[in-house]
1. Helix 171-195 versus the longest principal axis of the chain: what angle, 0 to 90°, nearest 10, using Cα atoms?
2. Using protein chains only and a probe of 1.4 angstrom, how many square angstrom of Glu192 are accessible, to the nearest 10?
3. Give me the number: length gained by fully extending Val150 to Ala41, i.e. 0.36 nm times residue separation minus the C-alpha to C-alpha distance, one decimal in nm.
4. Leaving ligands, DNA and RNA out of it, report the carbon-plus-sulfur percent of the accessible area of region 104-196 at a 1.4 Å probe.
5. In nm, what is the difference between 0.36 nm times the number of residues separating Ser90 and Leu57 and their Cα-Cα distance?
6. I need the Kirkwood Rh of the chain: take the reciprocal of the average 1/r across all distinct C-alpha pairs and report it in angstrom.
7. How much accessible area per residue does the chain have, counting only protein heavy atoms and a probe of 1.4 Å, in square angstrom?
8. Roll a 1.4 Å probe over the protein heavy atoms and report the accessible area of Asp16 in Å², nearest 10.
Amino acid sequence: MDLFTLILLAIGLSMDAFAVSICKGLAIKKITFRHMLIVGAWFGCFQAIMPMIGYFLGIQFAKFVNAFAPWIAFILLLLIGINMIRESFSKEEKEGGESDAIGFKTMLLMAIATSIDALAVGITFACIPVNIIQATALLNTVLAVIIIGVATFIISIAGVKIGNIFGNIYKNKSEFIGGVILILLGIKIIVEHYFF
């Protein structure tokens, strides 16, 4: 997986966190930079930790599934993307009351919920190695998860501000776009494996 693909993947993965960040922006009446940093840090850190965990889980069995790696990556990304698109049409709210919008318990649950997809992506890193620099697969994976975490951090901060300014209209669109990006990445992996 090259840097361009990784950046697209990072943006796609951050869309759940972006959607929830918009909701956080709606829930907090008077936004401060501290609020935005807290939300960004929670989502960015978990979005980086989860693929690393997935990677270590994946390398345990990667040698047994190498022949099927592109299909595994495609199926995982397809399922994650479809789920995100399905959620984009859901009318359910993803968060609780306004009083504890950025409290520890609320943010922990939201960070885990929005980064589960990244755990599955980490497994694909074990099957289809990231190739950003000339280095070991582990170092490339560490760089990849840092890029994913930083992208999510920045996008989440923007989400809080957008939610506070513009309201709820962007939430479903961001999830839909994120799902489409992940599905297209899955298709790209299959096409590259068989045709390039």
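The values are calculated or read from the model by the stated rules, or taken from the named source; none is laboratory data. None of the values given here were measured: they were computed from a predicted structure. With ligands, DNA and RNA removed, areas are computed over all heavy atoms of the protein, side chains included. Shrake-Rupley method; radii C 1.70, N 1.55, O 1.52, S 1.80 Å.
1. 10 degrees
2. In the full protein context, Glu192 sits at about 80 Å².
3. Details: separation 109, 0.36 × 109 = 39.24 nm, distance 0.90 nm.
Between Val150 and Ala41, full extension yields an extra 38.3 nm.
4. On the way: 3500 of 4550 Å².
Roughly 77 percent of what the probe reaches on region 104-196 is carbon or sulfur.
5. Values: separation 33, 0.36 × 33 = 11.88 nm, distance 3.14 nm.
Going from the current span to full extension adds 8.7 nm.
6. On the way: mean 1/r = 0.0598 Å⁻¹.
About 16.7 Å for the chain.
7. Averaged over the residues of the chain, the accessible area is 50 Å².
8. The value for Asp16 is about 10 Å².
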